[in-house]
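What follows is one structure encoded as structure tokens, with my remarks underneath.
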Amino acid sequence: MSFDTLGLSADLLRAVREQGYTIPTPIQQNAIPLILSGKDVMAGAQTGTGKTAGFTLPMLQRLSENRSEGSRRPVRALVLTPTRELAAQVADSVETYGRHLPLRSAVIFGGVKINPQIQALRRGVDILIATPGRLLDHASQGTLDLSQIEVFVLDEADRMLDMGFIHDIRKVLALLPKNGERQNLLFSATFSKEIKQLADRLLNAPELIEVARRNTAAELIKQVVHPVDKKRKREMLSHMIGSRNWQQVLVFTRTKHGANRLAQQLEKDGLRAAAIHGNKSQGARTRALSGFKSGDVRVLVATDIAARGLDIDQLPHVVNYELPNVPEDYVHRIGRTGRAGKEGEAISLVCVDEHKLLADIERLLKRKIPRETIEGYKPDPTIKAEPIQRGGKTQGQSQSRQKPRGGAKNRASNSKSVQSKGHAKKRSTSESRNGTDSNPPRKHVHRTSGNKPQVNTQRRRSGSVRGRERPALLGNYPED
Ligand code: AMP
């Protein structure tokens, strides 16, 4: 199947061609025609499946078809994301795919000055990509009007809930036109009970699309465990990067402190390295990421939470310098490689303390990861396992979160606007909201072989997302 058959306009097809895409991914094949037809969609797809283009392309088309020549330019589409990085990446996609269209977009998230964002909003924006906290700040200051939204996208909804954004989402929903007067698109890697409840509130007779994660651990990513003593991990990592001539490697540590320390040590070893984690300013995070993408930074050391939403094309190597405390995070981590169908390599440096964590991961994967001892780094069998420190607690102690993520301090920001000349028109629709019970989602389940979608059989278990409990889905992030 080619992009030409999906009903996209010539301007969008041109932008897609310029990106070098020839075949739509399964989520794109399924979502684009449905979204173009104006349907609400609930899609089970995670980062790496091409979901961003899956909703951005049809959204841009609908907005450009439906323009008016009025002088006011209200925000007509809102994409809500859980993290700054994801917001910035979605905004890049909107800009890239919409480059031949007269639409304007802006991204807003916390941690950066609000005034440039206010100015961008004043100039007029068709498409807004935002994280919830700063969005609500703007709304409460009266610098943003969401009453003309025609398309609302909730991206990575499961992470939103996991990060404690449910109340913010509710507040945002209250600012939108009433349901039935807007199109709603919900993307989530998992469909937990909480996601379904949210979908019931949000979506109007949705079409349900489920596609397999393309970069499943087993299929595309070569995984290996290198047993090594804890004290020799840094030395071994430097040795591997140098001797294997890796030019771009993402390394995961469990804690922010550990990420800083490792980046500094690697620098001392002569490797250009940067750390990215929640304590870094937005400027430092953006600099580290762009340095990594451009090749100036060879090693990016990240904590789990900071790595959310990172989309680095063709990232060839991911190293688990330390295994995550929660097995699901291993899958998220290694998903940073093998993106969009490309092969990748995930390497775990495992010391004796981490054998239980490794066993948990292998139980989740339902397979053993091959062990390869690197010459000269054979672990000392006399070293005994020690408990792993985790945010002031040791392994086995309470795993409950200290506070929900996504509080004011964690909220995202930044502003970027895209030029355009078009004017907006409020889309009115005669559809009225149907009760969700009487109007359950129509399920589109697609079987896949090769590039075709298939039923996602990899649902992970969900947990409580309310209050201070953090579900096992994404693990515990002491990060300190
Ligand atoms: P996403 O799941 O939206 O984060 O996209 C993952 C990656 O796939 C991004 O780097 C996109 O640029 C890339 N991508 C999206 N659609 C396609 C396509 N049809 N063919 C090849 N790569 C794609």
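With the cut-off at 28 Å, tell me which of the pairs Lys222/Lys378; Lys231/Lys366; Lys280/Lys378; Lys230/Lys366; Lys233/Lys293 have Cα atoms farther apart than that.
Correct reply: Lys231/Lys366; Lys280/Lys378.
How large is ³J(HN,Hα) for each residue in region 39-55, as worked out from phi by the Karplus curve 6.51 cos²θ - 1.76 cosθ + 1.60 (θ = phi - 60°), to whole Hz, x for Gly and Pro?
6, 6, 9, 10, 10, x, 7, 9, 4, x, 8, x, 5, 4, 5, x, 9
How do Asp296, Asp92 rank when sorted from fewest to most other Cβ atoms within 10 Å of their own Cβ?
Listed from fewest to most nearby Cβ atoms, that is Asp296, Asp92.
How do Arg272, Arg254 rank when sorted from fewest to most other Cβ atoms within 10 Å of their own Cβ?
Arg272, Arg254
For Arg122 and Gln265, what is the calculated FRET efficiency with R₀ set at 41 Å and r taken between the beta-carbons, to the nearest 0.05?
0.30
Let me see the P(r) profile for region 135-257: every Cα-Cα distance counted, bins of 10 Å, each bin given as a percent of all pairs.
For region 135-257, the pair-distance distribution reads 9, 28, 22, 18, 16, 7.
Name the long-range amide H neighbours of Ile209: under 5 Å, sequence gap of 5 or more, or other chain; modelled H, no Pro or chain starts.
Under 5 Å from the amide H of Ile209: Met42, Ala43, Gly44, His444.
Quick one: which residues, 5+ away or cross-chain, put their amide H under 5 Å from the amide H of Ala302? H built at 1.01 Å from N.
Val251, Phe252, Thr253, Ile276
Which cross-chain or sequence-distant (5 or more) residues have an amide H under 5 Å from the amide H of Val112, H modelled 1.01 Å from N in plane?
Sorted by chain and number, the residues that satisfy this are Asn414.
Given points 7 Å out from each Cα along the Cα-Cβ axis, report the Arg170 to Ser243 separation in nanometres with one decimal.
Distance between the two pseudo-spin positions: 5.7 nm.
Calculate, for Asn279 and Lys222, the FRET efficiency according to 1/(1 + (r/R0)^6) with r their C-beta to C-beta distance and R0 41 Å; round to the nearest 0.05.
After rounding, the FRET efficiency stands at 0.80.
What is the spread of the Cα atoms of region 19-86 along each of their three principal axes, largest first, in whole Å?
38, 28, 27
With the contact rule set at Cα under 8 Å and sequence spacing of 6 or more, what percent relative contact order holds for region 221-382?
It rounds to 35 percent for region 221-382.
Using R₀ = 22 Å, calculate the FRET efficiency as 1/(1 + (r/R₀)^6) where r is the Cβ-Cβ separation of Glu372 and Val352; round to 0.05.
Efficiency, from the Cβ-Cβ distance: 0.85.
Just to be sure I understand the model, the point goes 7 Å from the Cα along the line to the Cβ. What's the resulting Ala139 to Gln19 distance in nm?
2.8 nm
None of the figures in this text is laboratory data; all of them are computed from the coordinates on show. Everything numeric in this text was worked out from a predicted model, so none of it was measured. So basically every Cβ, Gly included, is an ideal-geometry build from the backbone, and we count neighbours across all protein chains shown.
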